[in-house]
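The values are calculated or read from the model by the stated rules, or taken from the named source; none is laboratory data. All of these numbers come straight from a predicted model, not from anything done at the bench. Virtual Cβ from ideal backbone geometry, glycine too; neighbours counted across all protein chains shown. The protein model used for the area step is the full one, side chains on, heavy atoms only, and it has no ligands, DNA or RNA in it. Shrake-Rupley method; radii C 1.70, N 1.55, O 1.52, S 1.80 Å.
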Amino acid sequence: MGKECNNKDTATHSGSRVTTPLPLWEGPGGGSVYKIGIIGKAHGVKGELSIQIDDDVFDRVDAEYLVLKLDGIFVPFFMEEYRFKSDSVALVKFEGVDTQERARELTGVEVYFPRELAEQDEEAELSYAALVGYTLIDNNSGKPVGTIAYVDEQTINIMFELEDGRLIPASEELIVDVDQKNRTITLDIPEGILDL
């Protein structure tokens, strides 16, 4: 059974409900949203979508909406319900997306989540995806090393890719501190890594 979402205080915009007023999002690395997945194909004929997810934060914080990037613009889409098909795939039914044709139009669209909602629960562990845009601090020198542009979780050794292209190991043993308020992560960077 899917999880129903409770929506309130909304207005209609382009067939989907949005909060009023519509907040401005800067995008990945800019602060207020971060990428959590991408829409795959339509599932069924009533507008349900398959979303490949890197972070199930919307379930952990009981979110009412996800943010889709349509033609370079971040647009909130309210969820009627969702359920998990697997650990990495969620089936989501958005309001205003009621046909297979409308669902197909969203195939390949990137899915984002507001950092503000993800960071509400300070006890919750942030996902690696949420760290994109954080400043990496070297624990040995106390100096900033760079900004995390991407997190590679495809191999057994998780890596932070900085905006300048450098790769830094991101194993949990090396993480000293994560400061959500200042969006910094302090890491015990192995000697010599920064010289590569």
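A few points about this structure:
- Number of residues in segment 40-59 that are loosely packed, with under 15 Cβ neighbours inside 10 Å and either touching a Gly at 6+ places or on another chain (Cβ under 6 Å) or of a type in the set (D, E, K, R) (or both): the value is 4.
The rows are residues; the columns are (1) closer than 13 Å to Ile168 by Cβ; (2) modelled with pLDDT of 90 or more.
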position: Leu117; (1), (2): no, no
position: Ser127; (1), (2): no, no
position: Leu136; (1), (2): yes, yes
position: Ser141; (1), (2): no, yes
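- Of the criteria (1) open to solvent by 50 Å² or more (accessible area, probe 1.4 Å); (2) more than 14 Å from Asp59 (Cα to Cα); (3) acidic (Asp, Glu); (4) at pLDDT 85 or above, which one Glu123 fails: (4)
- Residues that are in contact with a Phe, Trp or Tyr (Cβ under 8 Å, 6 or more places away or on another chain) and part of a loop (DSSP other than H, G, I, E, B) were ranked within segment 55-69; the one that is modelled with the lowest pLDDT is Asp56.
- Among (1) open to solvent by 70 Å² or more (accessible area, probe 1.4 Å); (2) over 26 Å from Asn182 (Cα atoms); (3) of a type outside the set (A, V, I, L, M, F, W, C); (4) in contact (Cβ under 8 Å) with a residue 12 or more places away in the chain - the single one Glu101 does not satisfy: (4)
- Across segment 179-188, the number of residues qualifying as surrounded by 14 or more Cβ atoms within 10 Å (Cβ to Cβ) and at pLDDT below 90 comes to 2.
- Count - residues of segment 79-95 that are at pLDDT below 90 and within 13 Å of Asp62 (Cα to Cα): 0
- Scanning segment 127-170 for residues that are under 20 Å from the mean Cα position of the chain (by Cα), open to solvent by less than 70 Å² (accessible area, probe 1.4 Å) and among the hydroxyl-bearing types (Ser, Thr, Tyr) turns up Ser127, Tyr128, Tyr134, Thr135, Thr147.
- Test: residue in segment 24-39 that is open to solvent by 10 Å² or more (accessible area, probe 1.4 Å), farther than 23 Å from Tyr150 by Cβ, part of a loop (DSSP other than H, G, I, E, B) and at pLDDT 85 or above: no
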